[in-house]
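Scroll down for the structure; my scribbles are underneath it.
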Amino acid sequence: MSGVGRTRREDHDHARRAERDDRPPVSSVVAAAIAGGVALSAGFLAEPTGGALVGVAAVGLVLGTLRGSHRVLSWSAGAGVVGLGVAGYLGAAPEPLLVAAAALAVAWDVGDHGVSLGRQVGRDASTRRNVVAHAGVTVLVGGTAVGVTYVAYVLATGGQPVTALAFLLLGAVVVASTLR
């Protein structure tokens, strides 16, 4: 028997929504883990101390995606920015540092997108193509931002580490704002 004022179809739809798994799709978790692994590797190549913070951030991004928590994703991204800053301050080479920054941005963006997908359509919906397309565009935008930042770094720095750090941080801001 239907509830008051509802049809059988509405009861069925309500029951179906109640059973839906709102966790992010597995493809989002996998994509965030791959990007996080790249960030972790590049961070350690850039500078071990800052790389450790980048690694903690990468793990946090994967866990935030698994848990479906925008808050964990945001805090992890913040920790990643701190790790990148520490690595730059301690004299990290710009190439792996930029790769780590872009990979962290990709992990955060794909994780955030996955959390939203999970809440909107559920884990069991067919979202793989959506996730792959979203991740591909994010990698393309991040790669372009890294390329522009690196060219600016090469053209503008005269071997001054403080200037290099400023350009790398500017690049990180460009990557983050471009992804949003």
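The values are calculated or read from the model by the stated rules, or taken from the named source; none is laboratory data. Here the structure is a predicted model, which is why all the values come from computation and not from measurement. When we count neighbours, we look across all protein chains shown, and the Cβ atoms used for this are built from the backbone with ideal geometry, even at glycine. SASA here: full protein model, heavy atoms, side chains in, ligands and nucleic acids out. Shrake-Rupley method; radii C 1.70, N 1.55, O 1.52, S 1.80 Å.
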Listed residues ARG119, ARG20, ARG129 arranged by accessible area, highest first, probe 1.4 Å: ARG129, ARG119, ARG20
Suppose each label sits 7 Å from its Cα in the direction of the beta carbon; what would the VAL132-VAL148 distance come out to in nanometres? 2.8 nm
At 4 °C in a medium of viscosity 1.567 mPa s, segment 52-137 has a Stokes-Einstein diffusion coefficient, with Rh taken as the Kirkwood radius over alpha carbon pairs, in µm² per second, of 97 µm²/s
Here the gain from full extension of ILE34 to ASP124, 0.36 nm per residue of separation minus their alpha-carbon distance, amounts to 30.3 nm
Under a crude label model (7 Å from the Cα following the beta-carbon direction), how far is LEU90 from THR49 in nanometres? 0.5 nm
Which order do the peptides 42-51, 63-72, 132-141, 107-116 take when ranked by the mean count of other beta-carbon atoms within 10 Å per residue, highest first? 107-116, 42-51, 63-72, 132-141
Once you have the Kirkwood Rh of segment 14-81 from its Cα pairs, apply Stokes-Einstein at 4 °C and 1.567 mPa s and quote D in µm²/s. 103 µm²/s
For segment 49-148, calculate the relative contact order in percent as a whole number, restricting contacts to Cα pairs under 8 Å that are 6 or more residues apart. 29 percent
Under the Karplus relation with 6.51, -1.76 and 1.60 and θ = phi - 60°, whole-Hz ³J(HN,Hα) for segment 134-144, x at Gly and Pro, equal 4, 5, x, 5, 5, 5, 4, 5, x, x, 5
Given a 1.4 angstrom probe, I'd like the percentage of the accessible area of segment 71-146 that is carbon and sulfur, rounded to a whole number. 64 percent
Segment HIS70-ALA156, length gained on full extension (0.36 nm per residue, minus Cα span): 27.3 nm
